[in-house]
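Structure record follows, encoded as structure tokens.
The values are calculated or read from the model by the stated rules, or taken from the named source; none is laboratory data. These figures come from a predicted structure and were not determined experimentally. Virtual Cβ from ideal backbone geometry, glycine too; neighbours counted across all protein chains shown. Accessible surface is based on the protein model in full, side chains and every heavy atom, while ligands, DNA and RNA are left aside. Shrake-Rupley method; radii C 1.70, N 1.55, O 1.52, S 1.80 Å.
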Amino acid sequence: MVAKIISNFYYHIRAMLTGLRYLLSPGVRITLKYPDELLLLPENYRGMLKLNNELCIGCGLCSQICPAGALSLKLFEYEQTKQIRRHPEVDYKRCIFCGFCVDICPSKALELTGIHDAAFYVGDELYYEVDRLITGPKIDLPCKKSKYVVSEIDEVRGIVYRNV
Amino acid sequence: MEVINLILSLLLHPSIFVPLIFPGLITILVVIILLIWAERKIAAKIQMRIGPLYVTRRFGGVLQLLADLLRYMFAELIISKDSDKLMFIASPIIALTVTLLPLAVIPAGSLLGIELIALRTSIGLLAALTLLSLTPIFIIVMGWASNNKFALIGSLREGYLMISYEVPMYLSALSVAILHGSLDIVNVVNNQQRIWTALINPFAAFSFFTSMIMSTSRFPFEITESDSELVAGPYTEYSSILYGLVMGVPYMRLYVFALLFVDLFLGGWHPTIDGFSSIILISKVLIILLFSVFLRSVYPRYRLDQAIRIGWHSLFVLSLISIILSLLIIGFGGISGC
């Protein structure tokens, strides 16, 4: 009984000392300060879509393969030539960034941009019509001093970020 | 000139200076702003995060809580349709007031020759404990008046916890009174000039400290407002500035308890510097406060039944042992024989 109480007490003290050790150890932090530091993404990172309208044949395979039903084909009228063609539109409220649409595209008209940091003020902006899809997404970061970093595994600190 | 002197003498009179400036309202606000920041920073450091940073970035985000409070001020106050409206609004305000009341009878040393105690009586310890036991009642009222499941369960938990921490806390506080032969806190503090009570009777100190952690719902006893199960316990329905008030109540309670703990067990303002004994006291209080918030990052949360078992099986027994120890010390010649 007494031995159990003493051992319990010892474990409590040990837990507090462990906490204290972490508190006093210098510089072990694995937070990425996001707008200031941007993670350099791998080469084949998927991200948001961009449409090359010259190549698109309007076959609709992308909207058929899409597992989330995010892509749909719409008739699009070109302003200069008054030509009407079928092009996909994407709803990022539904998109799961799987990249199937890019794989299935027979004419390689859809491509992945690797950009994922897109924030919107209005929910409707998440719906990309044909002309916005042709332009593609662009990063609009609030911080001018933001720099790219890469993550590395460190044996002592876990994850460290190194400037590129 | 006479008017200024009059105002100054009024302001520096203990019965106004104590509740309003030190150790009362203004000191509490400053301490709470620093304390919550320190709590978040300590937890962040131990969990390898950064914590509050972007408000006053140069100072590590000290004023984050001030920004939060400002946000509460301008948020909409929502009072649900089926709540008991009078008690819903009144109970946070009463709880806050009642939490600050014990400061009138808890001595805080002396500053520039002014004795900082608003009301010195021969039963100061009993009065402080009684006033401290009033706050949980209003927390229970908050949960009842909200007319919300989570709030009701939270306030029930507060009630269960209350019966398990109050008895050991009062017994261990009274064992100090037995040891020093006085219920006047000033006498208790002055008796500790040679040796602190925590060193003579460590059981009482441990029992009181654990009950104090339990009553202010710090980890590992953060059972009342367990935000992973009950949204915010009794405070679920509160919004806007009322939430700012109820969020501050446990911290103010912790501050008052820490003041009492330092007075009873850690020698109050001894060893003292002439004229500035309050500085010694407040630095001890800050150490106790920082330790209490440090526990958040070490412990997970106990279950309700585990906490009640700790209250009755361990703390109650410890407080009884502390009373017996005090009686034995008195029997063998009192504290002067130590």
So for segment B:2-337, if I pair up every lysine 8 or more residues apart or on another chain, how many of those pairs have alpha-carbons under 28 Å apart?
4
Determine how large the accessible area of B:HIS13 is when every protein chain is in place; take a 1.4 Å probe and give Å² rounded to the nearest 10.
90
Considering the dipole of the protein assembly as shown built from charges on the beta carbon (Lys and Arg +1, Asp and Glu -1) around the Cα centre, which of A:TYR10, B:PHE74, B:LEU86 is farthest to its positive end?
A:TYR10
Rank these by accessible area, largest first, 1.4 Å probe: B:LEU96, A:LEU20, A:LEU110.
A:LEU20, B:LEU96, A:LEU110
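Just checking the output field for A:7-13: average partner chain Cβ neighbours within 10 Å of each residue's Cβ?
Details: counts 0, 1, 1, 0, 0, 3, 0.
Mean partner-chain Cβ count within 10 Å for A:7-13: 1.
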Please state, rounded to one decimal and in Å, the Kirkwood hydrodynamic radius that the protein assembly as shown gives when every pair of distinct Cα atoms enters the mean of 1/r.
27.4
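Within a Cβ distance under 14 Å of A:LYS50, other residues only, what is the Lys/Arg minus Asp/Glu net charge?
-1
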First select every other residue whose beta carbon is under 12 angstrom from the beta carbon of A:ARG86; then total the charges, Lys and Arg +1, Asp and Glu -1.
0
Restricted to Cα positions, what overall size does segment B:70-199 have along the principal axes? Three whole-Å values, descending.
58, 36, 23
Round to the nearest 10 and report in Å² the accessible area of B:ASP227, as given by a 1.4 Å probe over the protein chains' heavy atoms.
100
Residues of segment A:1-133: accessible area per residue with a 1.4 Å probe, Å²
67
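Considering every Cα-Cα pair within segment B:101-149, what fraction, in whole percent, is farther apart than 16 Å?
Values: 637 of 1176 pairs.
Roughly 54 percent, rounded to a whole number.
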With only Lys, Arg, Asp and Glu charged, each at its Cβ (+1 for the first two, -1 for the last two), find how big the charge dipole of segment A:9-109 is about the Cα centre; round to the nearest 20 debye.
360
Hey, got the average number of other protein chain Cβ atoms within 10 angstrom for residues in A:16-25?
4
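Just to confirm the filter: which trypsin sites (Lys or Arg not before Pro) across segment B:256-338 are DSSP coil and have at most 11 other Cβ within 10 angstrom of their Cβ? The partial results should precede the final answer.
Working: sites: B:LYS284, B:ARG296, B:ARG301, B:ARG303, B:ARG309; in loops: B:ARG301, B:ARG303.
Qualifying residues, ordered by number: B:ARG303.
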Test item: Cα-centred dipole of segment B:2-337, Lys/Arg +1 and Asp/Glu -1 on Cβ, debye
820
Please list B:ARG120, A:ARG86 from largest to smallest accessible area, probe radius 1.4 Å, with all protein chains kept in place.
B:ARG120, A:ARG86
Let me understand segment B:263-338 better: what is its radius of gyration from the alpha carbons, and its Dmax, in angstrom?
17.6, 48
Cα centroid of segment B:248-275 to Cα centroid of segment B:93-118, whole Å:
11
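With the full set of protein chains in place, find how many percent of the accessible area of chain B is carbon and sulfur; take the probe as 1.4 Å.
Numbers: 10920 of 15170 Å².
It is 72 percent, rounded to a whole number.
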Run the numbers on segment B:197-337 and let me know its relative contact order in percent, using alpha-carbon pairs under 8 Å that are six or more apart.
36
Spin-label model distance (nm) - B:ASP82 vs B:ALA67, 7 Å beyond Cα toward Cβ:
3.9
When every protein chain stays in place and a 1.4 Å probe is rolled, B:PHE138, A:PHE9, B:PHE150, B:PHE59 sorted by accessible area with the largest first are B:PHE59, A:PHE9, B:PHE150, B:PHE138
Simple Cβ-charge dipole of segment B:227-338, Lys/Arg +1 and Asp/Glu -1, about Cα centre, in debye nearest 20:
200
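Out of the DSSP beta bridges found with both residues in the protein assembly as shown, what percent are antiparallel (nearest 5)?
Working: 21 of 24 bridges.
Of the beta bridges lying entirely in the protein assembly as shown, close to 90 percent run antiparallel.
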Relative contact order for chain A: what is it in percent, counting Cα pairs under 8 Å that are at least 6 residues apart?
28
Probe 1.4 Å - accessible area at B:TYR251, Å² to nearest ten:
20
Note: B:LEU10 to B:LEU53 extended length (0.36 nm per residue) minus current alpha-carbon separation gives 11.4 nm
Backbone N under 17 Å from the B:LEU112 label point (7 Å along Cα→Cβ), restricted to segment B:275-307
B:275-280
Pairwise burial B:A, computed as accessible area of each alone minus the pair, summed, 1.4 Å, Å²
1600
Three principal axis lengths of segment B:2-337 [C-alpha, angstrom, descending]
62, 60, 44
